[in-house]
Every structure is written in C-alpha cells, then in structure tokens.
Amino acid sequence: MSVSSSNTKAHPDERLAGAQKVYFACFTERGQASMEDVDRVVPAHKRWLADQEAAGRIFVAGPFLTEDYSYAGSGLIVLRAETAEEAHQLAAQDPMHANGIRTFRIVPWQINEGSVRIDLTFSQGSFDFG
C-alpha cells in the first residue's frame, strides 16, 4: 500500500519551507496556581480543547503526569497553525492561560518519524489507539 503526503507544499514561514509537517508544541505549566485554581478552570479548558479539536486546530493534547501517574497541573497541546505567532495567539485563548492559571511557551515541532495504529472492531463497537 502506498501512502502519499500532501505536506510537500512550501510553508508560509520561509524558514520552514521544505520541512516535513510542522506543528507547534504548547508546553503549559501550572506555576504558582493552586490545584484548586486549576480544577476550577478545567471545565472551560476542556470545552475550549474540544472546540479547537473540532475545528482541526489540535493534533494531540493531554496532561503531564507525575512518576506515580497523578496529575500535577501541567500539560502539552500540539497545535496545527501556519506560524508560531498564530499558535501563540491560539494558545493565549485557552482559559487556563487567559485566566492566568498556567503559563505557556510555543516550540515549533517537526515530525520526522513515528507511526500511529488504530484498531476498529465494528462488531464489538470498540477501538484501540496506540
């Protein structure tokens, strides 16, 4: 089976022209906010994430965990944007950032290797993503 890529067009930012697919990693850190402050904004944050996902602006997102797999208030959102400035403007709209609960930094990220496996079992109504 042959897979073709539509990611060969020139990137609008000439510094990234000719690069593989470029996303923007948004590292989001809790800083001095309490976990109570984080928990208070989580519903609005999740709605914002769902809206951005539906609009095709999020590749992946999720929290960072501690060594015992508990949530500590920081996370990663990988954004689809044309430029770092666009990614920054988008991330600034996240209720966690807009309300000062978290700070963030944007880092361009180029995907070179990896794979995604999706297993759909229609008769069982199940799926697995790995």
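Annotations for the structure displayed:
- Residues of segment 14-54 that are in a loop (DSSP other than H, G, I, E, B) and modelled with pLDDT of 60 or more: Q20, K21, R30, G31, Q32, A33, S34.
- Segment 75-104 - residue that is assigned to a loop (DSSP other than H, G, I, E, B) and of a type in the set (D, E, K, R) and, of those, farthest from V42 (Cα to Cα): E82
- Segment 106-116: number of residues that are without any contact (Cβ under 8 Å) to a residue 40 or more places away in the chain and under 29 Å from V42 (Cα atoms): 1
- Cβ-Cβ under 8 Å pairs, at least 6 apart or on other chains, segment 55-74 side within 21 Å of V41 (Cα to Cα), far side outside any strand (DSSP E or B) and aliphatic (A, V, I, L, M): R57/A81; R57/L90; I58/L49; A61/L49; G73/A33; G73/M35; G73/V38
- Any pair with Cβ under 7 angstrom, 6 or more apart, that starts in segment 76-105 at a residue that is closer than 11 Å to C26 by Cα and among the aliphatic types (A, V, I, L, M) and ends at one that is surrounded by 17 or more Cβ atoms within 10 Å (Cβ to Cβ) and at pLDDT below 95: none
- Filter result (more than 16 Å from F27 (Cα to Cα) and among the aliphatic types (A, V, I, L, M)) within segment 42-75: V42, A44, A50, A54, A55
- Residue within segment 39-46 that is β-branched (V, I, T) and closer than 22 Å to V107 by Cβ present: no
- Members of segment 105-130 that are exposed (fewer than 10 other Cβ atoms within 10 Å of the Cβ), of a type outside the set (S, T, Y) and in a loop (DSSP other than H, G, I, E, B): N112, E113, G114, V116, R117, G125, G130
For (1) over 26 Å from F129 (Cβ atoms); (2) under 11 Å from the mean Cα position of the chain (by Cα); (3) buried (at least 17 other Cβ atoms within 10 Å of the Cβ); (4) of a type in the set (V, I, T), each residue gets a yes or a no:
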site: V60; (1), (2), (3), (4): no, yes, no, yes
site: D68; (1), (2), (3), (4): no, no, no, no
site: S74; (1), (2), (3), (4): no, no, yes, no
site: E85; (1), (2), (3), (4): yes, no, no, no
site: T103; (1), (2), (3), (4): yes, no, no, yes
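The values are calculated or read from the model by the stated rules, or taken from the named source; none is laboratory data. No experiment lies behind these values; they were computed from the predicted model shown. A quick note on method: Cβ atoms are made from the backbone with ideal geometry, for glycine too, and the neighbour counts reach across all protein chains shown.
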